[in-house]
Amino acid sequence: PVALNHMISGLQELEMSAEVPDEAQRRFAAARRAASRMDGSLETARESYRTVSRALLLAATVARGPKTAEKLVHLYCPMVPGGGRDWMQPEGELANPYWGSEMLRCGEEVRNLSIADAEVPSISNRIE
């Protein structure tokens, strides 16, 4: 799980960065803790992914760097067991990360999180 370890390491860096607002740090910490549980059964990984996805979505509403400011969309699938689930992805064709090919195109856009180039904040600024 090289990619998983890389994600956990990146989340830990964001969690500890002085440039990241406290609220975003808390969200990154929650995502890191959940991601550390993804190296198990498929069901465990799916449940942990839900927490990772939600925490990152909430962190993105607090602060983002320039690379995540453009073409970011909040999506939701009501068909995911357990009350539906959210995720973020770049603009483009919807790609539901839950349940693989069974639900790949199932979902709806909740809101476009993109911000104009002139408004791109540094990671230390809050996005209202």
Cα-based Rg (one decimal) and Dmax (whole number) for the range 36-79, in Å?
12.8, 35
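Within the set of other residues whose C-beta is less than 13 Å from the C-beta of Trp99, count the net charge using Lys and Arg as +1 and Asp and Glu as -1.
Values: positive: Arg46, Arg50, Arg85, Arg105; negative: Glu43, Glu47, Glu102.
Local net charge: +1.
Under a 1.4 angstrom probe, counting protein chains only, how are His6, His74 ranked by accessible area, largest first?
On the way: His6 140, His74 15 Å².
Putting His6, His74 in descending order of accessible area: His6, His74.
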What accessible area per residue comes out for the chain, rounded to a whole number of Å², with a 1.4 Å probe?
58
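Multiply the residue gap between Ser41 and Glu102 by 0.36 nm, knock off their C-alpha separation, and tell me the result in nm, one decimal place. Could the numbers behind the result be given before it?
Working: separation 61, 0.36 × 61 = 21.96 nm, distance 1.84 nm.
20.1 nm is the gain from fully extending Ser41 to Glu102.
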Can you pull the one-decimal nm distance between simple spin-label points at Glu93 and Ile115, each 7 Å off the Cα toward Cβ?
3.1
Kindly provide the helix-only [θ] at 222 nm of the chain, computed as the sum of -39,500 (n - 2.57) over DSSP H runs of four or more divided by all residues, to the nearest 500 deg cm²/dmol?
-12500 deg cm²/dmol
With the chain treated as a Gaussian network of Cα nodes joined by springs under 10 Å, which of Ser101, Ser53, Ser114 yields the largest mean-square fluctuation?
Ser101
Mind putting a number on the dipole of the chain about its Cα centre? Charges go on the C-beta only, +1 for Lys and Arg and -1 for Asp and Glu, and I need it in Debye to the nearest 20.
320
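The values are calculated or read from the model by the stated rules, or taken from the named source; none is laboratory data. Treat the numbers as computed from the prediction; the structure is a model and nothing was measured. Note: ideal-geometry Cβ built from the backbone for every residue, glycine included; neighbour counts use all protein chains shown. Accessible surface is based on the protein model in full, side chains and every heavy atom, while ligands, DNA and RNA are left aside. Shrake-Rupley method; radii C 1.70, N 1.55, O 1.52, S 1.80 Å.
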